[in-house]
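S.K.: Can you read through this structure? Questions will come right after.
The values are calculated or read from the model by the stated rules, or taken from the named source; none is laboratory data. Model, not experiment: these values are computed from the prediction. FYI the Cβ positions are ideal-geometry reconstructions off the backbone, even for glycines, and counts take in every protein chain you see. The area values use the complete protein model at the heavy-atom level, side chains included, leaving out ligands, DNA and RNA. Shrake-Rupley method; radii C 1.70, N 1.55, O 1.52, S 1.80 Å.
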Amino acid sequence: MPSAGARPAGVDTVVVLDFGAQYAQLIARRVREARVHSLILPYDTPVGRIMELHPKGIILSGGPASVYDPGAPRCDPALFDGRVPALGICYGMQLMAHELGGRTAPAGQREYGRTRLFVDDRADLFGGLEPRLLCWMSHGDSVVQLPSGFTPLARTDHNPIAAMANRRHLLFGVQFHPEVTHTPWGRQVLQNFLFTVCGCRPTWTMASFIESQTTTIRETVGARRAICALSGGVDSAAAAALVHRAIGDQLTCIFVDHGLLRLGEPEQVIRTFRDNFQIPLVHVDARERFLRRLAGVGDPETKRRRIGEEFIAVFEEEANRLGRVDFLVQGTLYPDVIESGTRTAARIKTHHNVGGLPDRLQFALIEPFRELFKDEVREVARELGLPDEMVWRHPFPGPGLAIRILGEVTLDRLELERAADAIVLEELRNAGLMREIWQAFAVLLPVQSVGVMGDARTYGHTVAVRAVTSEDGMTADWARLPEELLERISSRLTREIPGISRVVYDVTSKPPATVEWE
Ligand code: XMP
């Protein structure tokens with residue numbers, strides 16, 4: 001609900017037009033990292049609607065299409081009339097050139113990956129950068145003839161127009177991807193566009209966001225009451241802390257401990273919210289109830305469904321006990337909002353988010369982070385004084401450790417998995433790698449293998465260690481953890497947890513694998 005007021009007064013906005021979802025999100029994040037507010041809109045958003053937002057600049061993302069494809073995504077060419085500065089990236093540049101009378105054609109040689117770039121004009125977009133750079137390319141088409149009024153800014157060995165500008169209308173295009181980490185100086189190009197070309201001010205801060213949200217939430221809720229389901233993760237924790245800042249004890253938090261959380265999490269939730277923040281907290285110990293529902297279940301989707309149903313049942317019982325409540329606080333993030341609005345991806349797993357509640361509960365939603373990325377929520381959490389451990393907690397699936405125990409979840413296997421997971425995280429924390437790694441955990445496999453301890457033969461459990469790097473969880477790469485760290489994890493797992501006799505490291509990326517094993 002309160003999200004329209006997400007842009008605090010005095011904050012400039014840049015619109016990112018989405019021609020291929022992944023790229024657009026990365027660009028929007030880079031813009032925000034430069035402290036400029038950004039919004040992603042579908043490529044065919046009418047110009048009138050875009051102008052209502054008074055953007056200081058527009059960035060056209062890359063995308064998989066060719067401008068000559070039938071049905072290729074197009075934006076309204078009125079965007080290029082010079083009212084608002086625009087930057088086209090890859091497909092965005094090709095489209096800009098195409099719409100304005102230039103020519104795009106399949107490149108003589110496809111450029112993919114690290115490519116040498118020669119910059120001939122460093123007046124604005126390439127200001128402060130070296131004349132020779134390495135950039136990241138991924139394109140089949142290139143601009144082969146500039147539209148009138150444009151000049152080339154940079155070239156590669158195979159492409160004489162790798163960047164272009166029409167300074168009269170403040171239109172720019174780059175063939176490479178400045179938003180990806182493989183183009184490390186790309187941030188400078190984006191910042192040059194934002195600050196030198198568009199004249200943006202770096203005023204998008206989480207402190208101002210918190211201020212404006214506090215006011216909006218207070219006005220929306222008035223004297224009524226709200227509840228929030230805490231999951232132990234940073235999103236719901238920060239949402240609760242923010243709403244509590246706005247409405248105080250009109251907020252009640254419900255923490256359903258389903259017993260599937262990581263080691264020490266339930267205690268920390270209670271300590272932080274009840275003791276430190278003094279937020280009214282209902283703590284439901286539902287551990288046995290969930291274990292009963294999971295007895296005999298091995299299929300991952302059945303686990304997810306049962307945990308989801310049980311969660312709703314427990315939550316509903318508790319909510320009903322509280323009397324009249326009008327609002328439900330949720331920690332929904334911007335990527336979820338964009339995904340549900342723009343994607344029709346095949347369902348690979350049912351991602352039940354604990355907190356996704358049925359309509360019959362009749363709450364209005366308060367989702368203060370509908371416009372934030374994960375790193376921004378972490379900053380909000382830090383500003384609000386949540387403990388570091390919670391702020392930097394890795395994303396955690398709603399069904400918890402249940403989907404990291406392959407096969408049936410029994411109390412013994414759950415405790416074994418929880419202990420193994422704690423060792424992986426503790427070692428990662430000691431190595432100072434928590435922030436670099438997107439997610440790391442142990443998976444208990446339904447495989448026993450032969451080992452030898454002392455002089456005796458053992459026949460124990462196998463644990464897989466998974467650690468991935470990622471920007472958003474949509475794609476992920478297996479983390480190249482230092483060998484010494486892997487060795488420490490492996491020896492601690494086998495030494496400290498009776499019954500584990502073998503440890504393997506998962507070296508699969510997503511795709512083709514997924515982050516979780518189930
Ligand atoms: P996968 O395994 O699909 O995971 O590559 C991508 C991200 O989603 C998390 N995940 C879930 N989150 N309910 C959730 O709330 C689920 O059922 C679920 N399954 C996976 C996973 O931890 C990763 O961050």
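S.K.: Could you identify the single residue in 87, 95 that is open to solvent by less than 10 Å² (accessible area, probe 1.4 Å), of a type outside the set (Asp, Glu), at pLDDT 95 or above and out of contact with any helix residue (DSSP H, G or I) (no Cβ under 7 Å at 6 or more places or on another chain)?
M.R.: 95
S.K.: Going through 66, 38 one at a time, which residue ends up being among the hydroxyl-bearing types (Ser, Thr, Tyr) and under 26 Å from residue 208 (Cβ atoms)?
M.R.: 38 is the lone residue from the list that is among the hydroxyl-bearing types (Ser, Thr, Tyr) and under 26 Å from residue 208 (Cβ atoms).
S.K.: While we're here: Among 172, 193, which is the only one that is surrounded by 21 or more Cβ atoms within 10 Å (Cβ to Cβ) and out of contact with any helix residue (DSSP H, G or I) (no Cβ under 7 Å at 6 or more places or on another chain)?
M.R.: Matching residue, one of 172, 193: 193.
S.K.: Under 8 Å between Cβ atoms, which residue pairs at least 6 apart in sequence (or on different chains) link something in region 208-231 that is in the same structural domain as residue 247 (by TED's automatic domain parsing) with a partner that is among the aromatic types (Phe, Trp, Tyr) and open to solvent by 30 Å² or more (accessible area, probe 1.4 Å)?
M.R.: Going by the 8 Å Cβ cut-off, the qualifying pairs are 227/363; 231/396.
S.K.: Given the condition under 18 Å from residue 506 (Cα atoms), open to solvent by 40 Å² or more (accessible area, probe 1.4 Å) and of a type outside the set (Gly, Ala, Ser), answer yes or no: does some residue in region 426-438 qualify?
M.R.: Looking through region 426-438, at least one residue is under 18 Å from residue 506 (Cα atoms), open to solvent by 40 Å² or more (accessible area, probe 1.4 Å) and of a type outside the set (Gly, Ala, Ser).
S.K.: Please verify whether residue 384 is away from the ligand (no atom under 16 Å from the Cβ), within 18 Å of residue 230 (Cβ to Cβ), open to solvent by 10 Å² or more (accessible area, probe 1.4 Å) and among the hydrophobic types (A, V, I, L, M, F, W, C), treating the condition exactly as stated.
M.R.: Yes: the conditions hold for residue 384.
S.K.: Run down 314, 337, 282 and say which single residue is open to solvent by 20 Å² or more (accessible area, probe 1.4 Å) and under 24 Å from residue 269 (Cα atoms).
M.R.: Just one listed residue meets the conditions, 282.
S.K.: Have a look at 294, 261 and point out the one that is modelled with pLDDT of 95 or more, under 21 Å from residue 331 (Cα atoms), crowded, with 19+ Cβ neighbours inside 10 Å and not acidic (Asp, Glu).
M.R.: Going through 294, 261 in turn, the sole match is 261.
S.K.: Quick check on my filter: what residues within region 503-518 are more than 12 Å from the ligand (Cβ to nearest atom) and farther than 12 Å from residue 443 by Cα?
M.R.: Within region 503-518, just 507 meets the criteria.
S.K.: Here's a follow-up. Does region 445-456 contain any residue that is free of Cβ contacts under 8 Å to residues at least 12 places away in the same chain, within 23 Å of residue 262 (Cα to Cα), over 23 Å from the mean Cα position of the chain (by Cα) and surrounded by fewer than 17 Cβ atoms within 10 Å (Cβ to Cβ)?
M.R.: No - not one qualifying residue is present in region 445-456.
S.K.: Mind listing just one residue for me: the one in region 502-518 that is modelled with pLDDT of 95 or more and not in a loop (DSSP other than H, G, I, E, B) and, of those, most open to solvent (accessible area, probe 1.4 Å)?
M.R.: Restricting to residues being modelled with pLDDT of 95 or more and not in a loop (DSSP other than H, G, I, E, B), the top hit is 502.
S.K.: Scan region 387-423 for residues that are within 13 Å of the ligand (Cβ to nearest atom), surrounded by fewer than 18 Cβ atoms within 10 Å (Cβ to Cβ) and part of a helix (DSSP H, G or I) and jot them down.
M.R.: Answer for region 387-423, where residues must be within 13 Å of the ligand (Cβ to nearest atom), surrounded by fewer than 18 Cβ atoms within 10 Å (Cβ to Cβ) and part of a helix (DSSP H, G or I): there is none.
S.K.: Shifting gears a bit: Could you list, in sequence order, all residues of region 474-501 that are assigned to a loop (DSSP other than H, G, I, E, B), within 16 Å of the ligand (Cβ to nearest atom) and surrounded by fewer than 17 Cβ atoms within 10 Å (Cβ to Cβ)?
M.R.: Answer for region 474-501, where residues must be assigned to a loop (DSSP other than H, G, I, E, B), within 16 Å of the ligand (Cβ to nearest atom) and surrounded by fewer than 17 Cβ atoms within 10 Å (Cβ to Cβ): 474, 475.
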